[in-house]
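In what follows, a structure is listed as structure tokens, so that the remarks can point back to it.
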Amino acid sequence: MTNQDIMQSLKDKDTRWVRIIWCDNANIIRGKAFHIHTLADHLTDGIGISVAQQAVPVMADAVVPETGISAVGEIWLRPDWGTLRFPPYAPGHACVIGDMYDGAQPWKLCPRHFLRRMIRRAAEFDLEIHLAFENEFYLLREGALGPESVDRTVFAEIASFDINREVIDDITDALLRQDIQPERYYPESGPGQQEITTTYQPAALAADRQLTYRMTVRGVAARHGLKASFLPKIFPDTAGNGCHLHLSLWRNGLNILPDEATPGELSATGRAFIAGLLAHLPALMAITTPSPNSYRRIRPHMWSGAFRAWGWDNREAAIRVPTNPKPPSPTHLEFKTSDASANPYLAVGAVIAAGLDGIRQGLDPGRPVMVDPADLSNQEQRTLGVDLLPTNLAEAVQRLSGDPVLREALGPELADVFMAIRRAEWEVMKDVDIEQEVKLLLERY
Ligand code: GLU
Ligand code: MG
């Protein structure tokens with residue numbers, strides 16, 4: 001986009017404010033806006049923010065001392081004008097995603113730079129990763145006792161389509177107007193829970209669009225007097241909000257997940273990538289399910305990826321490989337141990353790093369698990385290599401701190417700061433009950 005194009009499109013849309021957006025280490029989406037009359041001052045270098053912005057936890061705007069980051073220091077959010085969008089729910093405001101710069105250099109704690117590095121790493125393997133986020137969220141309204149679901153429907157119940165048609169249509173129209181193509185929609189299992197999937201994209205674009213998606217769902221819902229929340233577990237007894245990642249591996253424009261020689265099988269590269277994900281899964285969870293609340297969602301029989309296992313069409317395995325009715329099959333894999341409290345850049349980058357490590361080491365994922373792993377005896381689980389995943393954030397962070405591959409990928413600075421923030425969140429929330437936790441987190445995600 002030339003400067004001329006940028007100015008013209010801002011003018012065409014009667015823009016007053018341009019929000020420069022970032023997503024922090026607590027996965028809060030934040031923005032700072034400049035007024036259109038000051039465009040020339042902000043066009044290239046953007047807006048300054050304190051380094052402390054990458055050292056704050058989800059609970060409050062207070063720096064976590066263990067990050068080693070203080071109130072001194074400035075980094076710059078440089079607008080990536082290719083991401084300029086005009087959110088229909090906020091007329092007069094434009095959104096552009098920022099890259100964090102330390103002077104002329106990409107900042108070591110910038111999540112978007114981390115993802116780009118991992119995409120370049122995949123390119124060294126001649127691989128391009130495509131993916132889609134399968135977002136689930138609850139639609140809520142304020143009730144006498146706090147937020148209540150907008151309906152009492154169950155999975156795909158047709159009544160929910162009618163109850164929520166206007167808000168769903170506004171959400172999907174708003175996504176389309178920001179270049180995000182909705183794909184499938186149905187009311188999910190929980191009361192008021194929804195799922196709208198979107199088409200897959202190259203990884204960098206998909207991560208950017210995840211920010212737009214979250215902002216749009218919440219922004220449009222608010223215009224309808226509703227709250228939308230992606231928090232992984234809002235109600236203890238109903239389905240949680242997953243955000244499964246659907247991934248495919250491409251080489252020279254071809255999806256290389258299906259095996260060329262044996263129809264219906266996974267390629268050797270695909271198998272090794274899955275093996276890498278499984279090998280690093282307990283550590284990955286600190287990044288893909290990073291909230292203390294995330295672990296309330298990951299339970300057997302909830303389709304939430306509670307077991308370290310892979311299987312064909314197995315919705316209880318952390319990695320499901322869906323089969324297609326016609327060849328080519330399989331064409332993608334689903335990583336279920338992931339939710340929308342994860343920073344999409346960190347989650348996708350870490351998933352790529354784990355999968356590539358599987359390829360580098362030539363790991364094998366073993367046999368597929370073709371039963372609900374919860375129905376296996378301990379002995380059978382051991383034989384199949386199925387084991388328990390961390391059951392709380394502290395355990396996952398412990399596993400990440402013991403995973404040199406993921407720490408190296410993040411880089412020591414980002415890894416240490418990220419883990420310090422997770423530990424601070426865990427310390428505050430470890431003894432808190434779900435009601436208080438939800439009060440604290442519902443609006444953040
Ligand atoms: N809500 C489930 C979860 O927590 C996912 C249901 C599904 O398979 O889409 O991940
Ligand atoms: Mg779902």
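The values are calculated or read from the model by the stated rules, or taken from the named source; none is laboratory data. Note that the structure is predicted; figures quoted are calculated from it, not measured. Here the Cβ positions follow ideal geometry from the backbone for every residue, glycine too, while neighbour counts run over all protein chains shown. Note: accessible area is taken over every heavy atom of the protein model, side chains too, but ligands, DNA and RNA are not part of it. Shrake-Rupley method; radii C 1.70, N 1.55, O 1.52, S 1.80 Å.
Here the condition is being closer than 18 Å to Ser160 by Cβ, open to solvent by less than 10 Å² (accessible area, probe 1.4 Å) and either hydroxyl-bearing (Ser, Thr, Tyr) or within 15 Å of ligand 2 (Cβ to nearest atom) (or both); of Pro191, Pro182, Pro187, it holds for Pro187 alone.
Restricting Gln361, Gln379 to those that are surrounded by fewer than 24 Cβ atoms within 10 Å (Cβ to Cβ) and farther than 14 Å from Leu277 by Cα reduces the list to Gln379. Scanning the stretch 238-268 for residues that are open to solvent by 30 Å² or more (accessible area, probe 1.4 Å), assigned to a strand (DSSP E or B) and either of a type in the set (A, V, I, L, M) or away from ligand 2 (no atom under 16 Å from the Cβ) (or both) turns up Trp250, Arg251, Leu254, Asn255.
Pairing residues of the stretch 302-324 that are more than 13 Å from ligand 2 (Cβ to nearest atom) with residues that are among the basic types (Lys, Arg) and part of a loop (DSSP other than H, G, I, E, B), at Cβ distances under 7 Å and at least 6 apart in sequence or on separate chains, gives Ala306/Arg299; Ala318/Lys336.
Considering every residue within the stretch 250-272, establish whether at least one is in contact (Cβ under 8 Å) with a residue 60 or more places away in the chain and closer than 21 Å to Asn27 by Cβ. The answer is no; no qualifying residue exists.
Each row is one residue, and each column tells you yes or no for (1) touching a residue at least 40 places away in the same chain (Cβ under 8 Å); (2) within 16 Å of ligand 1 (Cβ to nearest atom).
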site	(1), (2)
Phe125	yes, no
His130	yes, no
Ala144	no, no
Ser149	yes, yes
Val154	no, yes
Glu157	no, yes
Asp162	no, no
Pro187	no, yes
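Of the conditions (1) assigned to a helix (DSSP H, G or I); (2) over 22 Å from Pro106 (Cα atoms); (3) modelled with pLDDT of 95 or more, Glu380 fails just one. Which one is it? Result: Glu380 fails condition (3) only. With respect to Arg271, is the statement that it is more than 16 Å from ligand 2 (Cβ to nearest atom) and closer than 20 Å to Lys430 by Cβ true? Answer is no for this residue. Screening Gly385, Gly411 for residues that are open to solvent by 40 Å² or more (accessible area, probe 1.4 Å) and at positive phi leaves exactly one candidate, Gly385.
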